[in-house]
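Written below as structure tokens is the structure these notes are about.
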Amino acid sequence: MNDLGRIEDLPLDYREQLGALNLVPLWPSLRGVMPAHVPTRKTQPTHWSYQQVKPLLLRAGALTPIEKAERRVLVLANPGHGLDKMQASAAIYLGMQLLLPGEWAPSHRHTPNAVRMVVEGEGAWTTVEGHKCPMSRGDLILTPTGLWHEHGHEGDQPVIWLDVLDLPLVYYMEASYHVNGDGQRQAVNPGQGHRQHARGGLRPTPVFQAADRRYPMLRYPWADARASLLSLAEDDPTLDFVQMTYINPQTGEDAENILGFYAVMLRPGQTCRLPARSPASVFHQVEGRSQVKMDGGLFTLESADTCCAPGFTAVELSNLSPSEPAFLFMADESPLHRKLGLFEVRR
Ligand code: 1HN
């Protein structure tokens, strides 16, 4: 690779004159911002063990009341970006959030899009724009950009969930802000999107109602995602990667605008090699145990463990059980890459 020279090669007085006028020579930095063939990635393969996170999160529950924290979260930060940046990848934020019995995290809305993947505990709920979504293990709950949301907990054990947001991207764009609610609980409306959209290929058809809601489905129960995966796997035993995308059932598009969300089933003993693709991705073990292998990382995902893979990296997923299927939740930056025309698969 040809060297375009170093900044130090230029005379000091010239560099000082440039700096004083807010000018920078491009050539010494050109290779850095646009390396040959493969981008520089700060995102490092990183694994977060739920068994290690959980006691520290419970301790946060004892140390910091919810009224003080508002959202009691330990961020799963990628060391490649610097822990203070609170990034799992360029565009993905991950956090483990704890709500104790009786606690309430008040209503607010913000520009970053979020989803919650419920990890443990029963009896909690998230109300999104007046739609009360019960939270059970594996349920995916959307809180898309601009929608009011609050969390409550009527159960008797701690509830923990994984938050996935596009915060790093929205922050980078200088578009990240929040608005607090009035401190009151939202009024709850009837209706559950997943019941209105209970079967693929059929869409509810309102005649006497106003225009369709932009986000008709806010809760994707795990029982439905799991049943869909089993059905897909049974329908075609030769299918080599059993994956479902969480979509907006009104449009067929991704459930949210920036990050993509998927449910994956690995057949007993199965190993799948995913090709290197431009977006970074996140893997969270919902049921069973898996091995995740990539350049620079070899992780065993126990139940509720989470790991991330940088973009432009092939990933091999193996179900460690010879007799039971394994189920994973995945998140990635695909919708963003596709919308920007940057999406690539390297074979
Ligand atoms: C947020 O609003 C929640 O509402 C969780 O539960 C995590 C991380 C960054 C910014 C906003 C929530 C968040 C967040």
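Computed over Cα pairs, the Kirkwood radius of the range 1-130 leads via Stokes-Einstein (1.567 mPa s, 4 °C) to a diffusion coefficient of 67 µm² per second. When His149, His197 are sorted by how many other C-beta atoms sit within 10 angstrom of their C-beta, beginning with the fewest, the order is His197, His149.
Helical content of the chain, expressed as a calculated mean residue ellipticity at 222 nm, amounts to -4500 deg cm²/dmol (DSSP H runs of 4 or more residues, -39,500 (n - 2.57) each, divided by residue number, nearest 500). Under the simplified labelling scheme, the Gln157-Met173 pair shows an inter-label distance of 3.9 nm, with each label point 7 Å from Cα along Cα→Cβ. Here Tyr215, Tyr93 are placed in order of increasing Cβ neighbour count within 10 Å, fewest first, which gives Tyr215, Tyr93.
Summing charges over all other residues whose Cβ lies under 11 Å from the Cβ of Asp224, with Lys and Arg as +1 and Asp and Glu as -1, gives +3. Based on Cα contacts under 8 Å between residues 6+ apart, the chain shows a relative contact order of 16 percent.
In the neighborhood of Gly123, defined by Cβ-to-Cβ distances under 10 Å, what is the net charge if each Lys or Arg adds +1 and each Asp or Glu adds -1? That works out to -3. Placing +1 on the Cβ of every Lys and Arg and -1 on the Cβ of every Asp and Glu, with no other charges, gives the chain a dipole of roughly 240 debye about its Cα centre. The order of Asp295, Asp305, Asp332, Asp182, going from fewest to most other C-beta atoms within 10 Å of their C-beta, is Asp182, Asp295, Asp305, Asp332. The Cα center of the range 202-264 and the Cα center of the range 20-46 differ in position by 39 Å.
Per the Debye formula on identical point scatterers at the alpha carbon atoms of the range 180-319, with no solvent, log10 I(q)/I(0) at q = 0.15, 0.19, 0.20 Å⁻¹ is -0.90, -1.21, -1.28.
Farthest toward the dipole's positive end in the range 296-347, which of Ser303, Met330, Ser318, given Cβ charges of +1 (Lys, Arg) and -1 (Asp, Glu) about the Cα centre? Farthest towards the positive end: Met330.
Helix 50-63 axis versus longest C-alpha principal axis of the chain: approximately 80°, rounded to the nearest ten.
Please give the net charge around Leu298, taking every other residue with its beta carbon less than 15 angstrom from that of Leu298, where Lys and Arg add +1 and Asp and Glu add -1.
For residues surrounding Leu298, the net value is -1.
Projecting the Cα positions of Gln87, Gln250, Met265 onto the charge dipole of the chain (unit charges on Cβ atoms of Lys, Arg, Asp and Glu, taken about the Cα centre) puts Gln250 furthest along the positive direction. The 3J(HN,Hα) values that the Karplus relation (6.51, -1.76, 1.60; θ = phi - 60°) gives for the range 307-319 are, in residue order, 9, 10, 10, x, x, 6, 9, 6, 10, 10, 10, 10, 7 Hz. Gly and Pro appear as x. Separation of the range 290-331 and the range 78-93, taken as the distance between their Cα centroids, equals 19 angstrom. Packing here is the average count of other Cβ atoms within 10 Å per residue, and on that basis the peptides 252-258, 68-74, highest first, run 252-258, 68-74.
Coordinate-derived values only; no laboratory data. Computed from a predicted model, the values in this text were never measured in an experiment. For neighbour counting, all protein chains shown are included, and Cβ atoms are generated from backbone atoms with ideal geometry for every residue, glycine included.
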